[in-house]
Amino acid sequence: MKKILYVFIILISLNTFSEEEKKIELKSVLFEIPTTSMDALNTGFSKKAIPWWAGIISSTLVLYNNDEVILENWQREGRAAGLGNTDKTKAVLSAGEIDLLRLPTDTASWMYFLGDGWMHFGISAGFLLNGQFNDNVRAYNTGLRIAHGMATSTIFSQMLKRAFGRQSPYVKTEPFGKWSPFPSIPEYQKHTANYDAMPSGHVMTATLTFTIINEAYPEYSNYVVPLAVTWVTALGFQMVNNGVHWASDYPLGIAMGYVFGKASAQMGKPKSADDTSTTSWMLLPITTPESQGVAWLYQY
């Protein structure tokens, strides 16, 4: 695992950049969320995406049918490898009863931490600081795009988690986890593990990060892609092993990470001349003190 981290640190320290690329304004991280959201949605629901949706749905159904077997087998393998089946990250920063930062304490928790938001925020900061202090525009923009992608994709993953309302394995009250769509806001906050399994936000964020890096540094794809596969595989195994996720939570998470990563990688780049679409649609969350839902907004 340490070798993986060392290789990634080397990637962050790359000091090459494109002279044609302009430095993205810091405010774009938030102000460009609507644009990136629409780009991702247009891509995800285009005709070209139909075969990919078929793959996502079919693979999810196959994995769902085998979730209990996969859970049992991977947890047995985890125990045999000395990883255990519990989360051993330790809270080092809290606000009341809410843990703001949990850090790993052993190999198993390091594997789980590979998908943590703090890990990927740190990667983003690494690129950003390298770009700022070394006048490296490409690295600076990559850091901003990762942060932007995390912010944008998290909005949609949180909407879907509440829409599905699936139990995590370690708190399941029935085989395959109970599904309780659209819990109230207080209920979700109080018993999050009962509702937030699908899709996997950790896998989504890891996929998004590597997608953006691969888009920024295509000449290093021979290193980035194998590292990404190894990274996400280790993360995916450990999250089933410690009972946080089911294997069927992953296909949609990976797809979202890729689509939002590709869209986020375009932030700050000029739009193509043939981009003349005038129709758009968006899913927007609706919340009340007792419930949550989704509204469909169509513009033409």
Next item on the list: Sketch the reach of a paramagnetic label on Thr230 as a point 7 Å from Cα along Cα-to-Cβ, and name the residues of region 110-140 whose backbone nitrogen lies under 17 Å away.
Entry: 110-115
Checklist line | Percent RCO, i.e. relative contact order, over region 106-252, from Cα pairs under 8 Å lying at least 6 residues apart | finding: 27 percent
Checklist line | Cross-link pairs Lys27/Lys269; Lys22/Lys271; Lys27/Lys161; Lys48/Lys269; Lys23/Lys269 - those with Cα-Cα distance over 19 Å | finding: Lys27/Lys161; Lys48/Lys269
Next item on the list: Report the full-extension gain for the segment Phe31 to Thr154: residue separation times 0.36 nm, less the Cα-Cα distance, to one decimal in nm.
Entry: 42.7 nm
Next item on the list: For region 237-251, take each phi angle, set θ = phi - 60°, evaluate the Karplus expression 6.51 cos²θ - 1.76 cosθ + 1.60, and give the result in whole Hz per residue in order, putting x for glycine and proline.
Entry: 4, 5, 6, 6, 4, 8, x, 7, 9, 9, 4, 6, 7, 7, x
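Can you tell me the order of 261-270, 96-105 when each peptide is scored by its average per-residue count of other Cβ atoms within 10 angstrom, highest first?
261-270, 96-105
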Next item on the list: Pop a pseudo-label 7 angstrom from the Cα along the beta-carbon direction at both Lys271 and Leu103 and give the gap in nm to one decimal.
Entry: 4.5 nm
Next item on the list: Work out, step by step, the length gained on full extension between Thr43 and Ala91: first 0.36 nm times the residue separation, then minus their alpha carbon distance; give nm to one decimal.
Entry: 13.4 nm
Next item on the list: Compute the distance in nm between two label points, each set 7 Å from the Cα along the Cα-to-Cβ direction, one at Glu68 and one at Asp135.
Entry: 6.4 nm
Notebook entry, point to check: Taking the mean number of other Cβ atoms within 10 Å as a proxy for protection, how do you rank 238-247, 73-82, 195-204 from highest to lowest?
Noted result: 195-204, 238-247, 73-82
Checklist line | Extension gain from Trp52 to Glu219, taking 0.36 nm per residue of separation minus the Cα-Cα distance | finding: 57.5 nm
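FYI, it's all coordinate maths here, none of it is from the lab. Since this is a predicted model, take the numbers as computed values, not measurements. Ideal geometry is used to build each Cβ from the backbone, glycine not excepted, and the neighbour counts take in all protein chains shown.
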